[in-house]
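S.K.: I'd like to ask you about the structure that follows.
The values are calculated or read from the model by the stated rules, or taken from the named source; none is laboratory data. As the structure is a prediction and not an experimental result, all values here were calculated from the model. Here the Cβ positions follow ideal geometry from the backbone for every residue, glycine too, while neighbour counts run over all protein chains shown. When the accessible area is computed, the model is the full protein with side chains, heavy atoms only, and any ligands, DNA or RNA have been set aside. Shrake-Rupley method; radii C 1.70, N 1.55, O 1.52, S 1.80 Å.
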Amino acid sequence: MELEVRHLRALCAIADAGSLHRAARQLGVAQPTLSTQLTRIEQALGGPLFTRERTGCRPTPLGRTVLGRARPLLADMSTLVREARAAAAGGDSRLRVGSTASRALAGWLRRLRRPGLEPTLQMDVSANALLRRVAEGQLDVAFVHEVEGSALHIPEGLRLRVLVEREPQFVMLPADHPAAARPVVRLADLADDRWMVDPTVDGEWDGVHRMLRAVGLNPRVLHGDYHTAASLVATGEVVTVCQPSSQSRPDMAVRRLYGDPLGVRLLLAARTRAELDAVFPALEDAYWEVARQSTAYREWLEGGGIRTLPRCPATTAAGAGRVEFVRAR
């Protein structure tokens, strides 16, 4: 069997996901198909690349060697394709942006757009999938969130910059819910409600489950995406966690949860520091712009949640920081 680029992508996906099941889901193939492909690759290379365990897959010494060569090859291939396409298009430069859901996206893209530079956007509910695409050169940068208690799988070589170390998650509930009359809602006040969670978002179900279990709650849970959740909240069917920058509407209210029991870390990922430097200030400005527009979040910030709310777009929020780290090869 001739080794192809798609085989290298499959190996990197398995290593990043930590299991054949998760890697197959990210690649959009059936797990038996990926397992068969892995067996054929191992036969072609002369040895096992991963050890299969109950908890997932770990690279063998041979696997680590192959992965160490595969990642730069994939990045070089993606760069070749990108530069060739830019040349064919007359030199138009495109910035390939990936992101999980965020109200800051529109403002970020608007700030990035300029003559000769047109950002493209690829959305995904899986932060791990976006990080993998950056590592493989399919995206230039990715803005993702990491649910506390559910660490992301950071591919080797990626540089990360922290936008917000801990963004509290708020709750969205029907406007006529009794708890909506107060600015801060206790989880006990929602004990009889149905919750909606998106299980495809990395770490979300685990985070919400831990939050509810910590106060002794075991409510009925429905599964659905953000748009479905908002529609059902408006009709009084469910409550759901939401980003603090979400805004209340006549039919739904966004409220802080007492004690801020659930938080996420907001990260920007790229392969180089230069790529981070080029886009981080615009993201920072866009994020704090939408933060000010949300009454509940603005009140939380002004109350000391993060030391001070930035007074102007160019100011870095205290506590949000320009913390940067790299997953070394």
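S.K.: Can you order the peptides 154-166, 60-72 by their average number of other Cβ atoms within 10 Å per residue, highest first?
M.R.: Top to bottom by mean Cβ count within 10 Å: 154-166, 60-72.
S.K.: Amide H neighbours of Gly263 under 5 Å, at least 5 residues apart or on other chains, H built in the peptide plane: list them.
M.R.: Here Glu148, Gln169 satisfy the definition.
S.K.: So, counting K/R as plus one and D/E as minus one, what does the shell of residues with Cβ under 11 Å around Ala129 add up to?
M.R.: Details: positive: Arg22, Arg25, Arg132, Arg133; negative: Asp16, Asp124, Glu136, Asp202.
Residues close to Ala129 contribute a combined charge of 0.
S.K.: Okay, next question. Sort out for me the Cα centre separation of the stretch 105-145 from the stretch 217-241, rounded to whole Å.
M.R.: Result: 28 Å between the Cα centres.
S.K.: Taking 0.36 nm per intervening residue step and subtracting the Cα-Cα distance, what contour gain separates Leu62 from Ser231 on full extension? All intermediate terms of the calculation are to be shown ahead of the outcome.
M.R.: Details: separation 169, 0.36 × 169 = 60.84 nm, distance 5.00 nm.
Difference between extended and current length: 55.8 nm.
S.K.: How much accessible area per residue does the stretch 23-75 have, in Å², with a 1.4 Å probe?
M.R.: Roughly 59 Å² per residue, with all protein chains present.
S.K.: Quick check on the chain: of the DSSP beta bridges with both residues there, what percent are antiparallel, nearest 5%?
M.R.: Once the DSSP bridges in the chain are tallied, antiparallel ones form about 65 percent.
S.K.: Quick one: net charge around Ala234, please, counting Lys, Arg +1 and Asp, Glu -1 for every other residue with C-beta under 11 Å from its C-beta.
M.R.: With Lys, Arg at +1 and Asp, Glu at -1, the neighbours total -2.
S.K.: Excluding Glu167 itself, what net charge comes from residues whose Cβ is under 11 Å from its Cβ, given Lys and Arg +1 and Asp and Glu -1?
M.R.: Net charge around Glu167: -2.
S.K.: Amide H neighbours of Asp198 under 5 Å, counting only residues 5+ apart in sequence or on other chains, H built in-plane at 1.01 Å?
M.R.: Amide H neighbours of Asp198: Gly224.
S.K.: Sticking with this structure for a sec: Along the Cα→Cβ direction, 7 angstrom out, place labels at Arg249 and Arg94. What is the inter-label distance in nm?
M.R.: Placing both labels 7 Å beyond Cα along the Cβ direction yields 3.2 nm.
S.K.: Going 7 Å from the Cα of Asp260 toward and past its Cβ, which residues in the stretch 209-240 have a backbone nitrogen under 17 Å from where you end up?
M.R.: Zone members listed by number: 211.
S.K.: Nearest 10 degrees, 0 to 90: what angle lies between the long axis of helix 5-17 and the longest principal axis of the chain (Cα atoms)?
M.R.: 40 degrees
S.K.: Hey, what did the chain get for relative contact order, percent, Cα under 8 Å, at least 6 apart?
M.R.: It rounds to 20 percent for the chain.
S.K.: Between (1) 22.0; (2) 19.9; (3) 21.4, which entry matches Kirkwood radius over Cα pairs in Å as derived from the coordinates of this structure?
M.R.: Comparing each candidate, only (3) matches the computed number.
S.K.: Once both axes come from the Cα atoms, what is the angle between helix 31-45 and the longest principal axis of the chain, in degrees from 0 to 90, rounded to 10?
M.R.: Between the helix axis and the principal axis of the chain, the angle is about 30 degrees.
S.K.: So what is log10(I(q)/I(0)) for the stretch 192-261 at q = 0.12, 0.19, 0.26 1/Å, when the Debye sum runs over its Cα atoms only?
M.R.: The calculated log intensity ratios at q = 0.12, 0.19, 0.26 Å⁻¹ are -0.30, -0.79, -1.45.
S.K.: Can you tell me the orientation of helix 61-88 relative to the chain, as the angle in degrees between its alpha-carbon axis and the longest Cα principal axis, to the nearest 10?
M.R.: So the inclination is approximately 80 degrees.
S.K.: Still on this model: If a/c stays under 1.5 just call it rounded; otherwise compare a/b with b/c (prolate if a/b is bigger, oblate if not). Do that for the stretch 154-208, with a ≥ b ≥ c from the square roots of the Cα gyration tensor eigenvalues.
M.R.: Here the stretch 154-208 falls in the prolate category.
S.K.: So, one more: Can you give me the C-alpha center-to-center distance between the stretch 26-81 and the stretch 251-266, rounded to a whole angstrom?
M.R.: Value for the Cα centre distance between the two parts: 39 Å.
S.K.: Order these peptides, 212-223, 175-186, by their mean beta-carbon neighbour count within 10 angstrom, highest first.
M.R.: Going from most to least packed, we get 175-186, 212-223.
S.K.: Two decimals, Cα atoms only, Kirkwood Rh: what is Rg/Rh over the stretch 91-170?
M.R.: With Rh from the inverse mean 1/r over Cα pairs, Rg/Rh is 0.98.
S.K.: Read phi for every residue in the stretch 164-181 and hand back ³J(HN,Hα) as whole Hz from Karplus 6.51 cos²θ - 1.76 cosθ + 1.60, θ = phi - 60°, with x for Gly and Pro.
M.R.: Once θ is set to phi - 60°, the couplings for the stretch 164-181 become 9, 5, 8, 8, x, 8, 9, 10, 10, 9, x, 4, 8, 5, x, 5, 5, 6 Hz.
S.K.: Put a dot 7 Å past each Cα toward the Cβ at Leu217 and Thr36; how far apart are the dots in nm?
M.R.: Result for the modelled spin labels: 4.6 nm.
S.K.: Right, another one. Among 139-148, 50-59, what's the highest-first ranking by average C-beta atoms within 10 angstrom per residue?
M.R.: Details: 139-148: 23.6, 50-59: 13.5.
Going from most to least packed, we get 139-148, 50-59.
S.K.: Full-extension gain between Thr200 and Arg110, please, as 0.36 nm times their residue separation minus the C-alpha to C-alpha distance. Each step should come with its number before you reach the end.
M.R.: Values: separation 90, 0.36 × 90 = 32.40 nm, distance 2.82 nm.
Taking 0.36 nm per residue and subtracting the Cα distance, the gain is 29.6 nm.
S.K.: When the chain is fully extended, how far beyond the present Cα-Cα distance does Glu53 get from Val81, taking 0.36 nm per residue of separation?
M.R.: 6.4 nm
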